[in-house]
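Bear in mind these aren't lab numbers, they're just calculated from the coordinates by the rules spelled out. Just so you know, these numbers come straight off a predicted model, no measurement behind them. Cβ placement follows ideal geometry from the backbone for every residue including glycine, while neighbour counts extend to all protein chains displayed.
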Amino acid sequence: MSLATYKDLCIDAADPHALSAFWGPLLGWESHPHDDGDSCLRVGDEVKVWINRVPEPKTVKNRLHLDVNAESLQPALDAGATVHDEQPRWTVLLDPDGQEFCVFVRDEPVTQPFYELVWDVTGDEDAAFRLAQWWAETLGATAVRDEGWSHVEGIAGLPCESIVFQPVPEDKTTKNRIHVDVTADGIGPLVAAGATSVREKGEDGIGWTVMVDPAGNEFCAFTPG
């Protein structure tokens with residue numbers, strides 16, 4: 001039984017309208033800039049990504065990033081991305097806000113541009129698998145251990161194949177610039193499972209609780225009332 005359900009993804013940015021215009025065509029979703037300066041990416045009436053304005057600039061490598069399927073790098077480069085690093089199977093790019101993402105160039109036509117969400121975990125492969133297990137149990141999904149990393153598959157509502165958890169040597173030092181939102185009946189079971197409530201927030205009659213998982217990664221839980 002899951003404790004929560006995946007809701008959507010949130011990205012912090014200095015210029016949400018510009019970042020929304022970049023990511024919308026790349027992911028095949030509609031860009032909807034808001035009058036308050038924020039923006040979102042939608043498919044019809046369903047919001048897939050919220051892009052929120054923040055005052056602080058990006059200073060460290062993102063702990064979460066998107067992997068993208070594409071038929072070439074050129075559309076991303078033409079839209080304002082820059083090459084950051086090249087690997088044998090993928091290329092690391094920076095979006096206009098300076099946030100990392102990886103492009104996997106495919107030989108076959110791409111029908112699902114959003115490939116996977118990648119999550120850094122401080123420590124070894126065991127630490128990565130433990131966090132994958134926590135999120136799998138939280139979202140009612142399945143954690144799979146692979147060589148060097150782990151992933152969670154079968155997440156209801158997730159607009160990509162899986163969430164990948166990879167071990168890294170560096171510690172988390174600042175608020176994650178990308179985080180997930182979930183819906184839950186209450187925050188009590190999440191706290192009992194190892195999450196920590198940080199603060200409650202609300203806007204336009206909608207309330208949510210900012211929480212952190214056992215590894216200190218922020219996520220927002222939306223609960224009834």
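Criterion first (among the acidic types (Asp, Glu) and touching a Ser or Thr at 6+ places or on another chain (Cβ under 7 Å)) does Glu116 satisfy it? Reasoning before the result, please.
Details: among the acidic types (Asp, Glu): yes; touching a Ser or Thr at 6+ places or on another chain (Cβ under 7 Å): yes.
In short, yes.
Of the residues making up the stretch 188-196, at least one is assigned to a loop (DSSP other than H, G, I, E, B), within 15 Å of Asp213 (Cα to Cα), out of contact with any strand residue (DSSP E or B) (no Cβ under 9 Å at 6 or more places or on another chain) and not aliphatic (A, V, I, L, M).
Given the options Pro189, Pro109, name the one that is more than 15 Å from the chain's Cα centre (by Cα), within 27 Å of Leu73 (Cα to Cα) and surrounded by fewer than 16 Cβ atoms within 10 Å (Cβ to Cβ). I'd like the intermediate steps shown before the answer.
Working: Pro189 fails: within 27 Å of Leu73 (Cα to Cα).
Testing whether each residue is more than 15 Å from the chain's Cα centre (by Cα), within 27 Å of Leu73 (Cα to Cα) and surrounded by fewer than 16 Cβ atoms within 10 Å (Cβ to Cβ) leaves just Pro109.
Taking the criterion of being touching an Asp or Glu at 6+ places or on another chain (Cβ under 8 Å), aliphatic (A, V, I, L, M) and crowded, with 17+ Cβ neighbours inside 10 Å, the residues of the stretch 145-168 that qualify are Ile163, Val164.
Yes or no: the stretch 135-144 includes at least one residue that is part of a loop (DSSP other than H, G, I, E, B) and in contact with a helix residue (DSSP H, G or I) (Cβ under 8 Å, 6 or more places away or on another chain).
yes
Please work out if Gly140 is surrounded by 15 or more Cβ atoms within 10 Å (Cβ to Cβ) and out of contact with any strand residue (DSSP E or B) (no Cβ under 7 Å at 6 or more places or on another chain). Even if it seems obvious, please write down each step before you answer.
Numbers: surrounded by 15 or more Cβ atoms within 10 Å (Cβ to Cβ): yes; out of contact with any strand residue (DSSP E or B) (no Cβ under 7 Å at 6 or more places or on another chain): yes.
Yes.
Look at (1) in a strand (DSSP E or B); (2) out of contact with any Lys or Arg (no Cβ under 6 Å at 6 or more places or on another chain); (3) closer than 18 Å to Glu161 by Cα; (4) not aliphatic (A, V, I, L, M) and you find that Asn69 fails only one, number (2). For the stretch 169-186, a residue qualifies if it is surrounded by fewer than 17 Cβ atoms within 10 Å (Cβ to Cβ) and either within 15 Å of the chain's Cα centre (by Cα) or touching a residue at least 60 places away in the same chain (Cβ under 8 Å) (or both), and the qualifying residues are Glu170, Thr173, Thr174, Lys175, Thr183.
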